[in-house]
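Structure first, then comments.
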Amino acid sequence: MIQKTLEKLNRNSLKEEIKSLRSFIIGVLGRDKEGEYRPEFIRKILKVAREKANFIFKNKKDFLSQIKKS
């Protein structure tokens, strides 16, 4: 019985080690070629995305006039 318990503990710790190694490898290999994103940048972009739009245009003429004003 003690042997079975030890085997079970060893399997669980091995699973945790494998999980950690996978996470590390994915973190290293999965990096963005353009660079890493800063968390404050992501928060700022998500905040702006939730806000109401300042400009509304219905055609290309309106769009161009809004760009020229900016």
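Nothing in this text is a laboratory measurement; each read-out follows from the coordinates by a stated rule. Just so we're clear, the structure is a prediction, and the values are computed from it rather than from any experiment.
For this structure, a couple of remarks:
- Cross-link reach list, lysines versus LYS69, counting only Cα pairs under 29 Å and skipping chain neighbours closer than eight places: LYS44, LYS47, LYS52, LYS58, LYS60, LYS61
- Whole-Hz ³J(HN,Hα) from phi, Karplus 6.51 cos²θ - 1.76 cosθ + 1.60, for the range 40-51, glycine and proline x: 5, 5, 4, 4, 5, 5, 5, 5, 5, 5, 7, 6
- Additional length obtainable on full extension of the chain from ILE18 to LEU64, 0.36 nm per residue less Cα span: 11.0 nm
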